[in-house]
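Let me begin by presenting the structure, written as structure tokens, before commenting on it.
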Amino acid sequence: MGLAERILQGDVRAASRLMRDIDDGFSSAIPELKALYPHTGNGYVIGITGPPGAGKSTLVDQVTAAYRQRGKRVGVVAIDPTSPFTGGAILGDRIRMNRHADDEGVFIRSLATRGHLGGLSRSTLDVVNVMDAMAMDVIIVETVGVGQDEVDIVQMAHTTVVVMVPGLGDDIQAIKAGILEIGDVFVVNKADRAEADRTVRELAVMLEMNRLADEDWHPKVMKTEASRGVGIEELVGEMESHREFLYASGRIKHFLEEKQARIFVELLRERLFQEVFRPITVNGRFREIVDGLVTRSVDPYSAVEALLAERFTPKR
Amino acid sequence: MAERKLRVLVGKPGLDGHDRGAKVVARAFRDAGFEVIYTGLHQTPEQIVSAAIQEDVDCVGLSILSGAHNTLLPRVCQLFREKKADDIIVFGGGVIPPDDIPGLKAAGVKEVFTPGTSTEDIVAWVRQNVATH
């Protein structure tokens, strides 16, 4: 029996194995993903992002518990950075989520970025799809600790939650660009700290400056103390409101169109690149081109044009 | 061509609260280029086994300083067998008397590292004895 079939029958080992194949770039994963695809598209994907140390993992743990209480099955994809020097990684997000480890209604997978920028790993989307096919009602994606423009999550998640903490800098940081433009819900975590109310106010002021029409979604700023479970019900309520808004307003159509178009373009880009690049690494042509570039007997623009012309012009 | 990246879970079963050693080993594994799932303190054998399966790791390294190794390590091995996941290799480290080691190995623990072992030796052992699956 293939992995996809076993996954659809609830085999957890098959699911984690397929995720490994995806992450390691095995081409054997493609037919399995094709087989799972008709069973995807049902999960509610929540993105949780914010700077390192903001409490994202603890918040994910609490939100997971809240959805479990509502009887929902929860998948978690937690991403941590790969060392650019050794290729190794310490994936420590599970430390905050251990109480769910032996709950069969929860599946947690840690992924390393493996050099991918943007706050996610290259494999994240496909891993989310596997969880979707495992009939997870809610899939929470926790990005690496991000700074300013690692905003890939917004294209993947129905609802993006941006987690901030008091005292990270003045309000000019917030108006530069980036994560303050992607939140559907904002959270000031560690709200027991002295400066919490000021941070909430500053965020609210920034958000008011967004030019939103009446019929647009207006992001709110919530306060939580994730380590004590304070504010979690309210947060989940607000996320659910956003999800309802997506459907009630019809925005879901636009979201799905953009998401699917992007997935297609990314896949095409990757496959085209491999199609052209892989043969020349095998047949020595790549080496020749590099040598030519080093001695400046050819320029990179002409080298690429020549290669593409050879590859895609039909031979007479 | 695609290549397997070695994944290892480092955790601390049981009640002792000293995780310095586990963290040092986790860091050494990271520097060796492995992906390390670090689950932290106070894990039950059930939590460890279930996390190892969800993470599809090749091996599990458990640090025990509490003296409960004769209970906890065999229990982890037994649970892996019950879940038909005993291809995941279990090794341990900590304050473990030499007399206990043969019994642990008989229970399925592949290797036991006692105080004084260098991180280089542990990394080298993993490279030699753990094949990515």
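Of the residues making up the stretch A:45-99, just one is at the interface with chain B (Cβ under 10 Å from one of its Cβ atoms), over 24 Å from B:L41 (Cα atoms) and β-branched (V, I, T), namely A:T86.
When the stretch A:218-255 is filtered for residues that are of a type in the set (A, V, I, L, M, F, W, C), out of contact with any Leu (no Cβ under 7 Å at 6 or more places or on another chain) and touching a residue at least 40 places away in the same chain (Cβ under 8 Å), the ones remaining, listed by number, are A:I232, A:L235, A:V236, A:M239, A:L246. Scoring A:S227 on the criteria (1) at pLDDT 95 or above; (2) in contact with a helix residue (DSSP H, G or I) (Cβ under 8 Å, 6 or more places away or on another chain); (3) among the small types (G, A, S) leaves a single failure, condition (1). Inspect all residues belonging to the stretch B:87-96 and state whether any of them is hydrophobic (A, V, I, L, M, F, W, C) and over 24 Å from B:Q54 (Cβ atoms). Yes, some residue in the stretch B:87-96 is hydrophobic (A, V, I, L, M, F, W, C) and over 24 Å from B:Q54 (Cβ atoms).
The residue that is farthest from B:A107 (Cα to Cα), counting only those in the stretch B:37-70 that are in contact with a Gly (Cβ under 9 Å, 6 or more places away or on another chain), aliphatic (A, V, I, L, M) and more than 7 Å from chain A (Cβ to nearest Cβ), is B:L41. The residue of the stretch A:1-19 that is nearest to the other protein chains (Cβ to nearest Cβ), among those that are buried (at least 21 other Cβ atoms within 10 Å of the Cβ) and over 14 Å from A:F107 (Cβ atoms), is A:L3.
For the structure I just gave you, tell me whether B:L79 is within 14 Å of another protein chain (Cβ to nearest Cβ) and modelled with pLDDT of 95 or more. Taking the combined requirement at face value, the residue satisfies it. A residue that is within 12 Å of another protein chain (Cβ to nearest Cβ), modelled with pLDDT of 95 or more and touching an Asp or Glu at 6+ places or on another chain (Cβ under 6 Å) cannot be found anywhere in the stretch B:26-36. Screening the candidates A:G75, A:G43 for the property of being at pLDDT 95 or above, touching an Asp or Glu at 6+ places or on another chain (Cβ under 6 Å) and closer than 19 Å to A:L18 by Cα yields one hit, A:G43. Which residue is surrounded by the most Cβ atoms within 10 Å (Cβ to Cβ), if the candidates are limited to the stretch A:104-113 and must be more than 7 Å from chain B (Cβ to nearest Cβ) and either under 14 Å from A:Q62 (Cβ atoms) or under 14 Å from the mean Cα position of the chain (by Cα) (or both)? Among those that are more than 7 Å from chain B (Cβ to nearest Cβ) and either under 14 Å from A:Q62 (Cβ atoms) or under 14 Å from the mean Cα position of the chain (by Cα) (or both), it is A:L111.
Within the stretch A:114-135, if we keep just the residues that are part of a loop (DSSP other than H, G, I, E, B) and crowded, with 24+ Cβ neighbours inside 10 Å, the residue that is farthest from the other protein chains (Cβ to nearest Cβ) turns out to be A:G119. The residues of the stretch A:203-222 that are surrounded by 12 or more Cβ atoms within 10 Å (Cβ to Cβ) and charged (D, E, K, R), listed by number, are A:D216, A:K220.
Considering the stretch B:34-133, the qualifying helices (runs of 4 or more DSSP H), each wholly inside and each with 2 or more residues that are farther than 21 Å from A:A101 by Cβ, out of contact with any His (no Cβ under 8 Å at 6 or more places or on another chain) and without any contact (Cβ under 8 Å) to a residue 24 or more places away in the chain, run over B:101-106, B:119-129.
Consider A:G47 carefully, then state whether it is buried (at least 16 other Cβ atoms within 10 Å of the Cβ), of a type in the set (G, A, S) and farther than 19 Å from B:V57 by Cβ. Against the criterion (buried (at least 16 other Cβ atoms within 10 Å of the Cβ), of a type in the set (G, A, S) and farther than 19 Å from B:V57 by Cβ), A:G47 qualifies. Cβ separations smaller than 9 Å between residues 6+ apart or across chains give the following pairs from the stretch A:256-274 residues that are over 18 Å from A:V128 (Cα atoms) to residues that are not β-branched (V, I, T) and not in a helix (DSSP H, G or I): A:E270/A:R122.
Among the residues of the stretch A:26-38, just one is touching a residue at least 40 places away in the same chain (Cβ under 8 Å) and either within 14 Å of chain B (Cβ to nearest Cβ) or more than 15 Å from A:L8 (Cα to Cα) (or both), namely A:A29. Answer with yes or no whether A:I280 is in a helix (DSSP H, G or I), touching a Phe, Trp or Tyr at 6+ places or on another chain (Cβ under 7 Å) and over 30 Å from A:V74 (Cβ atoms). Taking the combined requirement at face value, the residue satisfies it.
The values are calculated or read from the model by the stated rules, or taken from the named source; none is laboratory data. Keep in mind that this is a model prediction, so the values were computed, not measured. Virtual Cβ from ideal backbone geometry, glycine too; neighbours counted across all protein chains shown.
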